[in-house]
Structure formats: structure tokens, C-alpha cells
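Engineer: Before I ask anything, let me first share the structure, which is written out below as C-alpha cells.
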Amino acid sequence: YNVLVLNGPNLNMLGVREPAVYGSATLTEIINDLTERANVLSVELTHLQSNAEHELVTAIQQSLGQQDFILFNPGAFTHTSIALRDALLAVAVPFIEIHISNVHARESFRRHSYLSDIAKGVICGLGAKGYHYALDAAVSLLNTTK
Ligand code: DQA
């Protein structure tokens, strides 16, 4: 399978950014670990982090016919972006929404997501391991829909 991992704004700051909320692992460490797991599962992983909404929209558009699944931590765009929602609806590539922190235990504006209702599932509050759980879930979903 081909799986696209997308990380939105400020996730390039992991390790430095609010470690009490997001942990101490850097995004590079998380993606390296995830790539090892992907290799075990025979998954081809592609990763993009961007602080720019349009780059994420373009990456989603380009996933059409190229990617079987998207693992998506949209960062703050979760709570703001109709454009990302529309891109995901346009390509209809199945995706899991990931949040490192428990967005339900924080400010009330983090409780609303423009993406959750169109996601296969949502993983939040389980730290960087959420990416691993999401990858395992994606492979399991892909195996059952074959
Ligand atoms: C986040 C949660 C968002 O509310 C926040 O804006 C982020 C990170 C998370 O991984 O917990 O940037 O998506």
C-alpha cells in the first residue's frame, strides 16, 4: 500500500513546542520510527509537513490515484479549514485524523473539527504513538476492503 502522512502547521516544531502537551519527540524522530514500522508492514510511506494550507490542499489533490490512505494531523487547520475538508471530499482517499494531544481536554475551540465526520476515524491524546496506531489501523482497514 501507499500511505501519505501529512502534518500541518507548527508540527515541524515538535520537540521544542510545548513539550508538556506534545512530548519531546521531534517530527523527524516520529517519521523515522513510523517509516520503520511501515517497512515491516510493506507500506510505502510518503511524508509532507507544511505550514501552508495551500500546500496541504495540493498534496491531498495529488494523492488521487497515487495513495491508498492518508494519515493526517492537520494541526490548527483542523479547527478552521473548509478547504482541507473539500480537498479530502474531492479525492475521497480514506484518512485518519490524528492529534498528539487530547483536543477535548483543552480550549473549547479545539473541540470542533472540520474533518472528523468525514474521517474513517480519529486518534487523539495518545501522543506520538497515535501515528503508529493510525498506520496499523489504516493497513487493517485496507486489508478488509480489498
Ligand atoms: C494538534 C492539536 C491542534 O489543536 C493544534 O492546533 C496542533 C496540534 C495535535 O496534534 O494535538 O497544532 O493537531
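Engineer: Based on the alpha-carbon gyration tensor of the range 13-74 and its eigenvalue square roots a ≥ b ≥ c, which shape applies: rounded if a/c is under 1.5, prolate if not and a/b is larger than b/c, or oblate? Don't jump to the answer; show the numbers that get you there.
Structural biologist: Numbers: a/c = 3.06, a/b = 1.26, b/c = 2.43.
Oblate.
Engineer: Compute the relative contact order of the chain as a whole-number percentage, counting only Cα pairs closer than 8 Å that sit 6 or more residues apart in sequence.
Structural biologist: Working: 239 pairs, mean separation 39.0, N = 146.
It rounds to 27 percent for the chain.
Engineer: Wrap a convex hull around the Cα atoms of the chain, take a quarter of its surface area, and give that in square nanometres.
Structural biologist: On the way: hull surface 31.2 nm².
Average projection, Cα convex hull of the chain: 7.8 nm².
Engineer: Could you give the length gained by full extension between Thr35 and Asp86, i.e. 0.36 nm per residue of separation minus their alpha carbon distance, to one decimal place?
Structural biologist: The span from Thr35 to Asp86 would gain 15.5 nm if fully extended.
Engineer: Please report, in debye to the nearest 20, how large the charge dipole of the range 99-146 is about its Cα centre when each Lys and Arg carries +1 at its beta carbon and each Asp and Glu carries -1 there.
Structural biologist: Here the size comes out at about 20 debye.
Engineer: Only counting other Cβ atoms within 10 Å, I'd like Arg110, Arg17 sorted with the fewest neighbours first. If you can, show how the numbers build up before the last one.
Structural biologist: Details: Arg110 17, Arg17 14.
Sorted ascending by nearby Cβ count, the order is Arg17, Arg110.
Engineer: Can you give me the Cα centroid spacing of the range 31-70 and the range 102-146 in angstrom?
Structural biologist: Result: 15 Å between the Cα centres.
We did not get these values from a lab; they are worked out from the coordinates using the rules stated. These numbers were taken from a predicted model, which means no experiment stands behind them. Don't worry about glycine lacking a Cβ; one is built from the backbone with ideal geometry, like all the others, and counts go over all protein chains shown.
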